[in-house]
Amino acid sequence: MKSIRTRFEQYFRLAEYGQKYKRTVSLMLTCGVVLTVLQVIIPFLIGDAVDVIGTSRALAAVLVIAIEIVGLSAISAVFQFGLSYGGQYLGQKIIYDMRNKIFVAIQGQSFSFHDKNQTGQLMARATGDVEAMRRFLAFGLPQLLGQVLLMIGVVIGMYFLNLQFALIVSLTLPVLVYIGWRFSQTQAPFWQKARYNYGEINAVLQENITGMRIVRAFSAEEQEIAKFQEKNIEYRDDVIGAAKIRAFYTPLLNLLVSLLLGAIYLSGGFQVLSHPATGTILGPIVVSGAFLVALLQGPVRFLGQLILIAQNGMAGFARVLEITDANVEVKDKPGAVELQKETLRGSILFEKVRFGYGPDNEILRGINLEIKPNEIVAFIGATGSGKTTVANLVPRFYDVTSGRVLIDGIDVRDVTIRSLRSNIGIVSQDIFLFSATIKDNITYGRRNTPTEEIINAAKISNVDEFVNKFPDGYDTLVGERGVTLSGGQKQRIAIARTLVTNPKILIMDDSLSNVDVETEYAIQDALRAVVQGRTTIIITQRLSTLRLVDRIVVFERGMIAEQGKHEELLKNNGAYARLYYSQLAPQKVSDEEESEIVASTPTAPEKSDNVLKRRGL
């Protein structure tokens, strides 16, 4: 009962898409009904022609009937066009709306949604499943409507023609429909598996193309080919399995229609033998009955296939609904306020924050931390310690499991997501560039940025150093995912992209990891001016970056182990000291330079610069 209820709910949901196109639906119904009437009338006219030929042999009367048949056929073609075009129009309009809704839904989903769903599967739903819906709405629906109406029309016509013929058709047609339905049901599991495996093929293909350089670097081509072939074979076998069933049922249905036609002839023959005097009357009736049965060939042969198209379409629609109806974990609450950039001070407060990616995967275990306006704080810790997760809670990429994150004393859940993120600049380690020009990538999210601001951001991030060497300058195309640029160049563009938004809060997640030491020093030197007047969180494992910060916060196993300045934390001989001597200290060259690093604070930038220059940092 639950599955039936769910299926009806899906049909109602689909009907909601068609609400905007009631006139088109009405036109299709009208065309379908008129077309059915015209198709059923023609066999009666053929019977009349046979009767005229057999009795009066009036050529003029036969000619009139022939003209009527031709005229009705021509008119039928017009209504057939209306039904088919209406289906295409309705299908394309609904699919257009559906694609937009899917894209908007994917855009609006939380990070947790994308963590759980493969990109290839999402693409398969947005393409393959939507295509299944298009086939159903644009082709299957008008055909199904026309064929069902035609079957009803044939049965009604038979009752007007001959009672015995009508009873034969009425008793036989449900059997034929059932066999057609069984045909679709037997094929359905194969197509369901095929749709899933189609998504798996997309996922493997997308992952392989994205990671092609890694595949080549590890000479893993054969491994990837084997993985793709495995999914491809499963998809192939599913489609072949469905074709095997179709190859069995299609001739079976043709045979049954032929048997039904034979039953009509046999019934007519018995009636003539039983009442010889009515032979001349029954002859035209048998001919009309035969032509009416012939009209059933299309519905009976294709009904199962049309039901399958409908089932595939609705199955695809169900998978689409999984995207459009998916719960958005991070969204604006009713009455959310705008975070005003003009009055924003930039203080950040974490109060008893706990967070996990699942009930059994808690990452943060009670974080209490205050970051003052314009303060520059470094988050450091071992991999998996929770430092990046904490930073991701500020722009609400995820919501806390418990506790609060406040900006200027306002819970981030009480402000609109758009206004929150527009005030936060983020440069991550995983850089993504769009297949566009360098200028378009820098101004992404702020297309109307003045040229002088673009150039200023480029100078700060050291982008101008390599852009000016390109013939097309800022109009140089970077290729898909920035493939034509080095890792350091992409990272510098990402930093410039963040700077043009002029954020009050800046989060840099190991954003200098892919630049060489010379470029790193140049960017850090420029960033000293950038971070002034901004609340800045720098997630790093590099000692050279720590020279920019006012405070270091050390994370360990989802908790804050300690915090303070470099020299204070070393004296404590705690988590920071262990991390420093195991990962950071190898960067130093001598004890003399170490003492200078300790002395280098934001109030002594010149001395620090000299030390770092000598160390190549």
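What the table below lists for this structure:
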| quantity | calculated |
| --- | --- |
| Options Arg551, Arg547; residue that is in contact with a strand residue (DSSP E or B) (Cβ under 7 Å, 6 or more places away or on another chain), among the basic types (Lys, Arg), surrounded by 16 or more Cβ atoms within 10 Å (Cβ to Cβ) and at pLDDT 50 or above | Arg551 |
| Residue within the stretch 51-60 that is assigned to a helix (DSSP H, G or I) and either touching a Pro at 6+ places or on another chain (Cβ under 8 Å) or of a type in the set (Asp, Glu) (or both) present | yes |
| Residue list for the stretch 373-399, filter: open to solvent by 20 Å² or more (accessible area, probe 1.4 Å) and farther than 16 Å from Met508 by Cβ | Pro373, Ala382, Thr383, Gly384, Tyr398, Asp399 |
| Tally of residues being among the aliphatic types (A, V, I, L, M) and crowded, with 17+ Cβ neighbours inside 10 Å across the stretch 46-61 | 4 |
| Residues (in contact (Cβ under 8 Å) with a residue 40 or more places away in the chain and touching a strand residue (DSSP E or B) at 6+ places or on another chain (Cβ under 7 Å)) located in the stretch 437-477 | Thr437, Leu477 |
| Residue in the stretch 124-134 that is in a helix (DSSP H, G or I), open to solvent by 30 Å² or more (accessible area, probe 1.4 Å) and polar (S, T, N, Q) present | yes |
| Whichever residue in the stretch 199-230 is in a loop (DSSP other than H, G, I, E, B) and of a type in the set (A, V, I, L, M, F, W, C) and, among such residues, is least open to solvent (accessible area, probe 1.4 Å) | Ala220 |
| Pairs, first within 16 Å of Glu329 (Cβ to Cβ) in the stretch 408-425, second open to solvent by 60 Å² or more (accessible area, probe 1.4 Å) and assigned to a helix (DSSP H, G or I), C-beta under 6 Å, six or more apart | none |
| Residue under evaluation Tyr196, criteria (1) more than 30 Å from Ile94 (Cβ to Cβ); (2) free of Cβ contacts under 8 Å to residues at least 24 places away in the same chain; (3) open to solvent by 80 Å² or more (accessible area, probe 1.4 Å), criterion not met | (1) |
| Residue check for Lys22: at pLDDT below 85 and either in contact with a Cys (Cβ under 6 Å, 6 or more places away or on another chain) or loosely packed, with under 12 Cβ neighbours inside 10 Å (or both) | no |
| Subset of the stretch 573-592 [surrounded by fewer than 12 Cβ atoms within 10 Å (Cβ to Cβ) and modelled with pLDDT of 80 or more] | Asn573 |
| Some residue of the stretch 25-33 being open to solvent by 30 Å² or more (accessible area, probe 1.4 Å), without any contact (Cβ under 8 Å) to a residue 24 or more places away in the chain and not polar (S, T, N, Q) | no |
| Qualifying position, being assigned to a helix (DSSP H, G or I), closer than 22 Å to Gln206 by Cα and in contact with a Phe, Trp or Tyr (Cβ under 9 Å, 6 or more places away or on another chain), among Asp97, Asp115 | Asp115 |
| Residue pairs meeting the criteria (Cβ under 7 Å; at least 6 apart or on separate chains; first without any contact (Cβ under 8 Å) to a residue 60 or more places away in the chain, in the stretch 535-564; second open to solvent by less than 10 Å² (accessible area, probe 1.4 Å) and assigned to a helix (DSSP H, G or I)) | Glu562/Leu569; Glu562/Tyr576 |
| Filter result (out of contact with any Phe, Trp or Tyr (no Cβ under 6 Å at 6 or more places or on another chain), in contact (Cβ under 8 Å) with a residue 24 or more places away in the chain and open to solvent by less than 70 Å² (accessible area, probe 1.4 Å)) within the stretch 236-255 | Val239, Ile245, Thr250, Leu252, Leu253, Asn254 |
| Ser511 being at pLDDT below 70 and farther than 26 Å from Ile363 by Cβ | no |
| Candidates Ala220, Ala263, Ala226 - the one that is small (Gly, Ala, Ser), closer than 30 Å to Phe291 by Cβ and out of contact with any Cys (no Cβ under 9 Å at 6 or more places or on another chain) | Ala263 |
| Test: residue in the stretch 449-457 that is modelled with pLDDT of 85 or more, hydrophobic (A, V, I, L, M, F, W, C) and open to solvent by 10 Å² or more (accessible area, probe 1.4 Å) | yes |
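Yes/no per residue for (1) touching a residue at least 60 places away in the same chain (Cβ under 8 Å); (2) β-branched (Val, Ile, Thr); (3) surrounded by 21 or more Cβ atoms within 10 Å (Cβ to Cβ):
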residue: Leu292; (1), (2), (3): yes, no, yes
residue: Leu296; (1), (2), (3): yes, no, yes
residue: Gln305; (1), (2), (3): yes, no, no
residue: Gly313; (1), (2), (3): yes, no, yes
residue: Ala318; (1), (2), (3): yes, no, no
residue: Val330; (1), (2), (3): yes, yes, no
residue: Val337; (1), (2), (3): yes, yes, no
residue: Leu344; (1), (2), (3): yes, no, no
residue: Phe355; (1), (2), (3): no, no, yes
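The values are calculated or read from the model by the stated rules, or taken from the named source; none is laboratory data. All figures in this text were calculated on a predicted structure; none of them were measured in a lab. Neighbour counts run over all protein chains shown; Cβ positions are idealised from the backbone, glycine included. What goes into the accessible areas is simple: the full protein's heavy atoms, side chains included, and nothing from ligands, DNA or RNA. Shrake-Rupley method; radii C 1.70, N 1.55, O 1.52, S 1.80 Å.
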